[in-house]
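What follows is a set of notes on a single structure, which appears directly below.
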Amino acid sequence: MPLLSDMKKQRDYLVCIDSDGCLLDNMELKHKECFCPAVINVWDLQAVSRYAREVWEFVNLYSRTRGTNRFPALVRALELTYARPEVQARGIRQWDIAALKKWSDETDNFSESALAAFIEAQNGQAAEDLQNALRWSREVNANVRHIVRNIGPFPGVREAIDALHQYADVVVVSSTPQEALIRELDHCGILNCFDAVAGQESGTKTICIRTAMSKGYAPDHVLKVGDAPGDHQAAMNNGCLFYPIIPGMEDESWRKLREEAAAQFVAGTYGGEPMAKRLELFYTVLSDEPAW
């Protein structure tokens, strides 16, 4: 499976699709059973686990930060957890996460390997929160390898990709680590449906879309398909179109992509009212503020 940098343009149109929670019905499993338990374990949140879990699920599943890369999501989740009165009342240790926040704000590569290299470059002087974040990320990956299996694509994914492939090169652009991404796509039998696959090591989604577009696609011939506001932002950063897979309405979203939006995309009409209506529904579903 080629990287984006090695991909050859074959068609006039390009479709970039996210993986977790978009192609694959694995978002709830990963966050509830893999990410969150590692947060509670590594960051010593056992005494406030119910509050930490509520925060993690809000940040990563039910709010407008859904789909954020794991490290910025970790920063936001820890900040929100520490700010809760229930957590403060229990007097748990609150880690200083200033170094992690600074790295997250400044890096253009949110991969685990990039964080490991950053820590190594400090010759044993890296802040404790950076080392903790790396340990947490590795525990998440171990949990994913141990737990995430028997996962398939959402109903309608294969049919939609077949329809898109008639006139578009189709690639995966994801913040999932490349190894896990390829393993999961291969396991459910759809890896060979794509012309290239880009995981988190290839850069941000904005960078990956830009790399793919550099093969010679016009911006209005490029469609980003995703289930998170970050996917929409990456599309806007590159001046291309966006089709949301709406959380809780995934089956219907894929059916409408196949039956309606794909033809509108090729006809040049999707970028007007059809996209505006989908975006309105998308942002209605995702919350701005936590319920607590």
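The values are calculated or read from the model by the stated rules, or taken from the named source; none is laboratory data. Since the structure is predicted, the reported quantities are computational estimates derived from the model, not experimental observations. Cβ atoms come from the backbone with ideal geometry, glycine included; neighbour counts cover every protein chain shown.
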Checked against (1) more than 19 Å from His187 (Cα to Cα); (2) touching a strand residue (DSSP E or B) at 6+ places or on another chain (Cβ under 7 Å); (3) of a type outside the set (Lys, Arg), Glu112 satisfies every condition except (2)
Going through region 212-229 one residue at a time, which ones are under 23 Å from Phe71 (Cα atoms) and either small (Gly, Ala, Ser) or out of contact with any Phe, Trp or Tyr (no Cβ under 6 Å at 6 or more places or on another chain) (or both)?
Gly226, Asp227, Ala228, Pro229
Condition (residue is more than 22 Å from Glu289 (Cα to Cα) and crowded, with 21+ Cβ neighbours inside 10 Å) applied to region 53-72: is it met by at least one residue?
no
Test set (1) more than 29 Å from Ala47 (Cα to Cα); (2) outside the structural domain of Phe194 (by TED's automatic domain parsing); (3) crowded, with 19+ Cβ neighbours inside 10 Å - Val172 fails condition number
(2)
For region 204-227: of the residues being touching an Asp or Glu at 6+ places or on another chain (Cβ under 7 Å) and closer than 21 Å to Asn60 by Cβ, which is surrounded by the fewest Cβ atoms within 10 Å (Cβ to Cβ)?
Thr204
Inside region 279-292, the number of residues satisfying the requirement of being assigned to a loop (DSSP other than H, G, I, E, B) and among the aromatic types (Phe, Trp, Tyr) is 1
So which residues in region 79-100 are charged (D, E, K, R) and surrounded by fewer than 16 Cβ atoms within 10 Å (Cβ to Cβ), if there are any at all?
Glu79, Glu86, Arg90, Arg93, Asp96
Restricting to region 158-187, name every residue that is part of a loop (DSSP other than H, G, I, E, B) and over 19 Å from Asn141 (Cβ atoms).
His165, Gln166, Tyr167
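Conditions tested, residue by residue: (1) of a type in the set (Asp, Glu); (2) under 30 Å from Gly239 (Cβ atoms).
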{"position": "Leu14", "(1), (2)": "no, yes"}
{"position": "Asp25", "(1), (2)": "yes, no"}
{"position": "Ala38", "(1), (2)": "no, no"}
{"position": "Arg76", "(1), (2)": "no, yes"}
{"position": "Tyr82", "(1), (2)": "no, no"}
{"position": "Asp96", "(1), (2)": "yes, no"}
Only one of (1) of a type in the set (Val, Ile, Thr); (2) modelled with pLDDT of 95 or more; (3) under 20 Å from Thr206 (Cβ atoms) fails for Thr107. Which number is that?
(2)
For region 237-292, give me each residue that is surrounded by 19 or more Cβ atoms within 10 Å (Cβ to Cβ) and among the hydroxyl-bearing types (Ser, Thr, Tyr).
Tyr243, Ser253, Tyr270
For a quick check of your reading: which helices (runs of 4 or more DSSP H) sit entirely within region 11-119 and have at least 2 residues that are without any contact (Cβ under 8 Å) to a residue 12 or more places away in the chain and over 21 Å from Val144 (Cα atoms)?
85-89, 98-106
Among the residues of region 130-143, are any more than 18 Å from the chain's Cα centre (by Cα), outside the structural domain of Phe71 (by TED's automatic domain parsing) and assigned to a helix (DSSP H, G or I)?
no
Have a look at Ile147, Ile207 and point out the one that is at pLDDT 90 or above and closer than 23 Å to Ala234 by Cβ.
Ile207
